[in-house]
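Okay, so here's the structure we're looking at.
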Amino acid sequence: MFGKFRREAEEKIRSLAEQEGITLEPVFTLPTVPRFGDLSTNVCFQLAKTLRKPPAEIAEMLAEKITATGLIADVQAEAGYINFYINYTVFAKEFLEGIGPDFGRGEKKEKVIVEHTSANPDGPLHIGHLRNAVIGDTLARILKFAGHVVEVHYYLNDMGKQAAKVVWGRRRYGIPEGKADHATAKVYIRASSEIEEQDLDSEVSEILTQYEAREKEAVAEFEQAVEYCLTGIKETLARLGIHHDKFVWESSFVLDGSVESVIERLSKSGFAKSEEGALLIDLTKYGIEKDMVIVRGDGTSLYIARDLAHHAWKMSLGRAVNVWGADHKLVSMQLSAGLDLLGLPAPEFIIHEFISLPQGGMSTRKGVFISADELVDETVEKALEEIGMRRTELGESDAKVIAEDIGVSAVRFNIVRIAPEKSMVFKWDEALDFERQGAPFVQYAFARAKKILSKIEEKKSFDACIQGNIEVEERELIKTLSRFPEIVEGAALSRKVSIMATYAIELSNAFHSFYMSAKVLGSEKEGFRLSIVKAFTNVQGSVMDLLGIKRLNEM
């Protein structure tokens with residue numbers, strides 16, 4: 001509905017411009033001050049030079065010519081801007097009668113491969129991996145809802161030295177008890193320390209050479225070690241509601257000859273050069289000063305060569321989006337350049353900055369890291385404490401269930417609300433903010449609405465008939481709800497998942513304001529207001545699903 005209102009406003013401005021012999025696409029913004037209307041355009045500043053008149057004079061002239069029809073109740077000029085006001089009597093009725101559970105869902109679009117997480121199988125996910133996973137999973141959910149066919153990939157680095165160190169350590173120490181990924185980290189940390197202290201890198205290289213040569217015993221050891229660690233990683237992801245459709249093994253592109261083919265093609269690209277037996281690719285034409293090394297002096301391929309083969313395959317499946325950390329910026333540039341030399345399109349990249357706790361940085365090799373499991377456990381524990389203060393009548397088991405749902409949701413939302421390009425420090429007081437900006441604030445609005453609807457079960461239906469004037473809080477909530485399709489489309493097109501998080505807070509604020517100001521049950525406007533509450537649960541429920549926030553009927 002809001003899109004329809006926007007289109008009506010655009011068409012009126014476009015038509016008036018055409019009468020002056022001018023073709024333009026007007027840009028509208030959402031005013032933050034109610035007296036400036038529901039949509040505002042600065043098009044008069046664009047027309048000032050052509051028409052040789054001040055913007056304010058043009059705005060007055062155009063506003064006088066626009067007839068209020070359809071969803072437009074009024075048009076006013078102010079300080080060079082043209083402000084459009086919604087006819088809420090028409091708008092509210094049409095919107096509330098037409099909304100359903102699938103409101104905002106897009107039509108069928110192209111296929112998109114989303115790759116995220118892709119952590120090395122040498123230990124548990126830490127909070128840096130967690131930011132990657134949450135951004136990637138949220139984007140996949142939004143793209144699916146927008147109509148895309150989405151396939152989610154995890155690229156598994158089973159040919160790196162990290163995996164080889166784990167195999168070396170498992171041979172020497174066995175497998176300690178505990179969750180699989182945490183147990184693997186203990187092996188990896190101990191092995192890394194001993195290998196460094198005793199200068200045993202040659203032994204690790206030998207194990208890796210055996211694996212690349214596909215020696216039966218080495219292959220079995222690597223596969224067992226990787227799968228074992230991955231079991232624990234999957235448990236962590238599942239707790240957060242994150243799932244992958246495919247786990248793509250790096251070694252598969254060596255086995256099928258794809259890496260060899262890529263190396264051969266790049267060696268004949270005209271940009272290859274050899275240094276001490278190594279094969280390097282000159283990428284200065286792409287503004288990259290550092291050469292891309294794809295083959296070492298000993299003849300073994302580097303990670304980038306295998307990733308080029310991986311992407312040559314992946315790009316054949318559809319459009320691709322990679323969620324990578326800031327430490328992979330150079331690699332992303334090299335990969336894009338390498339694919340261009342191969343005559344292939346590059347994936348889109350969402351590069352996220354680092355996330356930390358007040359304690360500081362992390363290193364899996366040194367054993368200095370905060371695992372995703374620890375972060376979630378701590379958040380759930382803090383949520384349980386908060387529930388204990390707010391809901392003293394709840395039994396322990398019920399409180400723990402709610403705390404789990406709040407804690408997991410709080411972790412996801414606190415991560416996704418910050419734009420990826422910004423670094424962030426995870427703070428529990430922000431994550432568990434019930435009053436203003438946390439996931440509990442969003443969940444609380446939904447629970448309030450569900451509680452209202454739970455009291456009218458005997459009234460199986462109610463209509464959206466408007467009795468009397470539509471109050472300010474009713475208008476604001478209806479308008480905010482109606483913007484949902486545009487929010488979905490905007491987040492999907494821009495790949496900016498933080499847009500959805502911002503909208504979740506806006507929508508929750510609008511509902512809380514409505515809830516505090518408007519009596520629903522037993523009021524003379526009960527049917528109308530119940531329709532608004534029902535519409536809110538539909539939209540807010542969809543928003544929460546897209547963000548991975550658990551729906552709670554009570555808190």
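The values are calculated or read from the model by the stated rules, or taken from the named source; none is laboratory data. Since the model is a prediction, treat every value here as computed from it, not as a measurement. As a convention, Cβ positions derive from the backbone with ideal geometry for all residues, glycine included, and neighbour counts pool all protein chains shown. Just so you know, the surface numbers come from the protein's heavy atoms only, side chains and all, with ligands and any DNA or RNA stripped out. Shrake-Rupley method; radii C 1.70, N 1.55, O 1.52, S 1.80 Å.
Computed with every protein chain present, the accessible area of Lys53 is close to 80 Å² [probe 1.4 Å].
Among 331-344, 474-487, sorting by the average number of other beta carbon atoms lying within 10 angstrom of each residue, highest first, gives 474-487, 331-344. For Ala73, the residues 5 or more places off, or on other chains, whose built amide H falls under 5 Å of its own are Tyr85, Ile86, Asn87. The string of couplings for region 106-113 from the Karplus curve (6.51, -1.76, 1.60, θ = phi - 60°) is x, 7, 4, 10, 5, 7, 9, 9 Hz, one whole number per residue in order, with x for Gly and Pro.
Helix 55-65 axis versus longest C-alpha principal axis of the chain: approximately 60°, rounded to the nearest ten. Close amide H partners of Ala320, meaning residues 5 or more places away or on another chain with modelled amide H under 5 Å apart, are Ile113, Glu348. In the chain the Cα-Cα distances spread across 10 Å bins starting at 0 as 3, 15, 21, 22, 17, 12, 7, 3, 0 percent of all pairs. For the pair Arg390 and Ser193 in one chain, pulling the backbone fully straight at 0.36 nm per residue adds 66.2 nm over the alpha carbon distance. In region 395-442, Cα pairs under 8 Å separated by at least six residues give a relative contact order of 35 percent. For Tyr155, enumerate residues with amide H under 5 Å from its amide H, sequence gap 5+ or separate chain, H modeled in the peptide plane. For Tyr155, the qualifying residues are His116, Ser118, Val248. Could you please report the charge total around Thr236, scoring K, R as +1 and D, E as -1 over all other residues with beta-carbon less than 15 angstrom from its beta-carbon? So the environment of Thr236 carries a net charge of -4. Just to be sure I understand the curve: with the Debye formula and one point per C-alpha of region 426-555, what is log10 I(q)/I(0) at q = 0.19, 0.20 Å⁻¹? Summing over Cα pairs of region 426-555 leads to -1.08, -1.17.
What's the angle, to the nearest 10 degrees (0 to 90), between helix 161-173's Cα axis and the longest principal axis of the chain? So the inclination is approximately 60 degrees. All other residues with a Cβ under 13 Å from the Cβ of Val539 taken together, and with Lys, Arg as +1 and Asp, Glu as -1, what is their net charge? Residues close to Val539 contribute a combined charge of +1. Normalising the average separation of contacting C-alpha pairs (under 8 angstrom, six or more residues apart) by the number of residues puts the relative contact order of region 1-146 at 17 percent.
Taking only the alpha carbons of region 80-236, we obtain Rg and Dmax values of 24.6, 79 Å in that order.
Rg over Rh for region 392-445 works out to 1.05, using Cα positions for both radii and the Kirkwood form for Rh. Applying both filters, DSSP loop and at most 14 other Cβ atoms within 10 Å, to the GluC sites (Glu not before Pro) of region 51-123 gives Glu107, Glu110. For GluC sites (Glu not before Pro), the sites in region 237-285 that DSSP calls loop and that have at most 14 other Cβ atoms within 10 Å are Glu276.
In a simple Cβ point-charge model (Lys, Arg +1; Asp, Glu -1; nothing else charged), the chain has a dipole of about 1340 debye relative to its Cα centre. Between the residues Ile113, His126, Phe84, the greatest Cα displacement towards the positive end of the dipole of region 43-131, with unit charges on the Cβ of Lys, Arg, Asp and Glu, is found for Ile113. Helix 472-482 axis versus longest C-alpha principal axis of the chain: approximately 40°, rounded to the nearest ten. When only DSSP loop residues count, what trypsin sites (Lys or Arg not before Pro) in region 53-122 have their Cβ near at most 15 other Cβ atoms within 10 Å? Qualifying residues, ordered by number: Arg105, Lys108, Lys109. The mean sequence separation of alpha-carbon pairs under 8 Å and at least six residues apart, normalised by the residue count of the chain, gives a relative contact order of 15 percent. When a 1.4 Å probe is rolled over the protein heavy atoms, the share of accessible surface on region 274-400 that falls to carbon and sulfur comes to 50 percent. Computed over neighbours whose Cβ is under 14 Å from that of Asp340, the net charge equals +1, Lys and Arg +1, Asp and Glu -1. What's the center-to-center distance, using Cα atoms, between region 103-133 and region 206-227 in Å? With region 103-133 and region 206-227 each reduced to a Cα centre, they are spaced 28 Å.
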